[in-house]
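This report refers to the structure that appears directly beneath it.
The values are calculated or read from the model by the stated rules, or taken from the named source; none is laboratory data. Keep in mind that what you see is a predicted model, and the values were worked out from it rather than measured. Note that each Cβ is placed from the backbone with ideal geometry, even for glycine, and that neighbours are counted across all protein chains shown.
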Amino acid sequence: MMRSLFSGVAGLKTHQTKMDVIGNNISNVNTVAFKSSSTTFSDIMYQTTAQASGATATRGGVNAKQIGLGVTNGATKISVTSSGAAQSTGDALDIRLSDTNTTNFFVVNNGSENVFTRAGSFYIDGNGNLAMTTTGYLVMGWQVDPDNPSVITKNTVTPLRVMQASNLTSPPEATTDASFSGVLDKYDSQFKSTGGYIRSFTLYDNLGYPYTAKFSLKLEDEIMGKYSISLTGIYDKNNVDILASYLNAEVPAGEEPNTLDKIFGGDTTEKFEKTYQLSEGFAATSTTSPQTYSYGGISDYTYDEKSKSFVSATPGAMPVSLAQACGLDDSSAVIGVEFSPADTATDPNSKDSLKITFASSLLQFDTKEGNLIYAGAPGSTKVTLHTSLLGPNRSTKDPEEPPEINQALSDITIDFAQLMNYDNGGTSTAVANRGVPEGTIMKGEGKKLGTMTGLSVSNDGRIYGSYSNGNTVLLGQIAAAQFANASGLEEIGNNCYKTTLNSGEFDGIGVDISADGSSMNTGQLEMANVDLSAEFTDMITTQRGFQANSRIITVSDTMLEELINLKR
């Protein structure tokens, strides 16, 4: 009878323990990544009042006579391998672990040791580290290889300091490629203007400073589909034409002067030349080099390459421009003027003329299909803009200066392959762009200095920084931990676990979560895996079990009372 009292007490204690577990599960129903627990009862020792006896030839055996002494909590099991539902948050640093073959955990450090969690609610702390929002524990992972920033070094996990002085900005890049695309319509009125059809694009040097390169397209032969393109200026941020500064710069004695064809149009295999007849009142007085000319009664004019005009030594005589000499409407691209005498032997109507060479590139179109045949020289659709000779990176002759001190601007290869020559209602749609299309990106477009605008995490845990100049830079990778027996981990609170002898050890390096097809899903959190319907059902059975065990005690007490009353 006394045994039943203690069995009842054991039952009450065990059901109370189960109720504690149920209460904890329900109270954490909205805790991120909480794992519910369950209890398993087991009976405890038995009192044997008679041992079992074996059978004989004349008599059967007798089973042992045993009386149970109650119940105990055999095990409390954490349902750690059962994932909770996904909760969408939209925060890029909220991460939910998905499991394919093995239960995965984040590795976090509490300041003294690495512990493990499924709660992926992270933020960037004041030191730029990725950390848990609830505890501040630092998220651990792998760093970028310093010798190859596109590769992760999978070594011992360390805190992921994704925002630090070295990666808050993305370095600028010099423009190395450009392209023209769109339609040139020969009836566009802009081709009849003095300046031609003007296009421009912005380029960057190695320091991220912007410049604007301007070009002039002109129709040279509408029947044969010929256009010319010349460089008219390169302007810095303060609208200073560094091309003009280069052309007007004084060069040391003995060196060739700076000319436009060194910058653009000089690397073609054919020079773009046109012949213009001398205008009325302008005539050659000497056909031997250097040629002299007469104009307005003055007969000692000579051509000056720097001013691109005819000048006279006669005091007070005004220079004669190319426009006055032969009707040339634009002299910006002129790099050479040569007198050409009339050839009346073959052409009675021939007149004295000037053969003018331009620092321009010829664009030859197919007059049947409208496609570009070549640019600059047959067999090529590209022309090089030698910007490396200009501005802050022009070559230095000072032996005291290192040769690389002025490297800023780079040469730019301009591709004209996407230009077309079609009837577009008298309107041209040609545009100039820095960079050339290569798949979904623009190659060689150059970039200014970029500042970090955001962070993103890929499905394999790689952390990327996004910058205002369009760059995306790899900053590190979140490591995952896997255990032979994840249910053997010990809960230590704050949604964290640590290893035990029965869980398996953490090797200090971790695994790539994508190795078995698992992933990290951003903008989501894992919800608690508590099943309220199951918990309330367990609560009912636990309550009834507790009631039944209390009845054991009250009935046993009543029986003891009857026994005591026998004496009366």
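Quick rundown of the values:
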{"item": "Any hit, the stretch 492-499, residues being closer than 30 Å to residue 7 by Cβ and among the polar types (S, T, N, Q)", "result": "no"}
{"item": "Spans of strands (runs of 3 or more DSSP E) in the stretch 414-455 with at least 1 residues of a type in the set (Asp, Glu) and at pLDDT below 95", "result": "436-438"}
{"item": "Subset of the stretch 291-316 (residues that are surrounded by 15 or more Cβ atoms within 10 Å (Cβ to Cβ), within 60 Å of the chain's Cα centre (by Cα) and assigned to a strand (DSSP E or B))", "result": "303, 309, 310, 311"}
{"item": "Selection within the stretch 362-395 - over 16 Å from residue 421 (Cα atoms) and part of a strand (DSSP E or B)", "result": "377, 382, 383, 384, 385"}
{"item": "Test for residue 76: is it in contact with a helix residue (DSSP H, G or I) (Cβ under 7 Å, 6 or more places away or on another chain) and either within 20 Å of residue 512 (Cβ to Cβ) or surrounded by fewer than 16 Cβ atoms within 10 Å (Cβ to Cβ) (or both)", "result": "yes"}
{"item": "Residues of the stretch 500-557 that turn out to be touching an Asp or Glu at 6+ places or on another chain (Cβ under 8 Å), without any contact (Cβ under 8 Å) to a residue 40 or more places away in the chain and surrounded by fewer than 19 Cβ atoms within 10 Å (Cβ to Cβ), as a count", "result": "1"}
{"item": "Filtered residue count, the stretch 142-187, keeping only those that are closer than 28 Å to residue 509 by Cβ and of a type in the set (Gly, Ala, Ser)", "result": "3"}
{"item": "Some residue of the stretch 205-214 being surrounded by fewer than 19 Cβ atoms within 10 Å (Cβ to Cβ), of a type in the set (Lys, Arg) and farther than 30 Å from residue 525 by Cα", "result": "yes"}
{"item": "Whichever residue in the stretch 230-280 is in contact with a strand residue (DSSP E or B) (Cβ under 6 Å, 6 or more places away or on another chain) and small (Gly, Ala, Ser) and, among such residues, is surrounded by the fewest Cβ atoms within 10 Å (Cβ to Cβ)", "result": "233"}
{"item": "Single unsatisfied condition, residue 288 versus (1) assigned to a strand (DSSP E or B); (2) farther than 27 Å from residue 232 by Cα; (3) free of Cβ contacts under 8 Å to residues at least 24 places away in the same chain", "result": "(1)"}
{"item": "Top-ranked residue in the stretch 348-361 [being of a type in the set (D, E, K, R) and in a loop (DSSP other than H, G, I, E, B); ranked as nearest to residue 294 (Cα to Cα)]", "result": "352"}
{"item": "Qualifying residue in the stretch 259-271 (condition: touching a helix residue (DSSP H, G or I) at 6+ places or on another chain (Cβ under 8 Å), in a loop (DSSP other than H, G, I, E, B) and among the polar types (S, T, N, Q))", "result": "yes"}
{"item": "Residue that is within 58 Å of the chain's Cα centre (by Cα), at pLDDT 85 or above and among the polar types (S, T, N, Q), where the choices are 39, 76", "result": "39"}
{"item": "Extreme residue, modelled with the highest pLDDT, among residues of the stretch 352-391 that are touching a Leu at 6+ places or on another chain (Cβ under 7 Å) and farther than 26 Å from residue 175 by Cα", "result": "365"}
{"item": "Pairs where the first residue, in the stretch 177-200, is more than 24 Å from residue 367 (Cβ to Cβ) and the second is of a type in the set (S, T, N, Q) and assigned to a loop (DSSP other than H, G, I, E, B), C-beta under 9 Å, 6+ apart", "result": "195/332"}
{"item": "Close pairs (9 angstrom Cβ cut-off, 6 or more residues apart or separate chains): on the phi > 0 side of the Ramachandran plot in the stretch 19-39, of a type in the set (Asp, Glu) anywhere", "result": "33/526"}
{"item": "Per-region count, the stretch 188-208, residues charged (D, E, K, R) and more than 16 Å from residue 225 (Cα to Cα)", "result": "2"}
{"item": "Any hit, the stretch 77-85, residues being farther than 18 Å from residue 142 by Cα and charged (D, E, K, R)", "result": "yes"}
{"item": "Qualifying residue in the stretch 205-220 (condition: in contact with a strand residue (DSSP E or B) (Cβ under 9 Å, 6 or more places away or on another chain), in a helix (DSSP H, G or I), in the same structural domain as residue 366 (by TED's automatic domain parsing) and at pLDDT 90 or above)", "result": "no"}
{"item": "Selected residue (criterion: surrounded by the most Cβ atoms within 10 Å (Cβ to Cβ)) from residues of the stretch 367-389 that are over 22 Å from residue 232 (Cα atoms) and not hydrophobic (A, V, I, L, M, F, W, C)", "result": "380"}
{"item": "Matching option when the condition is surrounded by fewer than 16 Cβ atoms within 10 Å (Cβ to Cβ), of a type in the set (A, V, I, L, M, F, W, C) and not in a strand (DSSP E or B), among 325, 345", "result": "345"}
{"item": "Candidate set: the stretch 150-184, residues that are buried (at least 17 other Cβ atoms within 10 Å of the Cβ) and of a type in the set (D, E, K, R); chosen: the one farthest from residue 110 (Cα to Cα)", "result": "177"}
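Residue by residue, here is whether (1) in contact with a Ser or Thr (Cβ under 7 Å, 6 or more places away or on another chain); (2) touching a residue at least 12 places away in the same chain (Cβ under 8 Å) holds:
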{"position": "117", "(1), (2)": "no, yes"}
{"position": "124", "(1), (2)": "no, yes"}
{"position": "130", "(1), (2)": "no, yes"}
{"position": "140", "(1), (2)": "yes, yes"}
{"position": "146", "(1), (2)": "no, no"}
{"position": "154", "(1), (2)": "no, yes"}
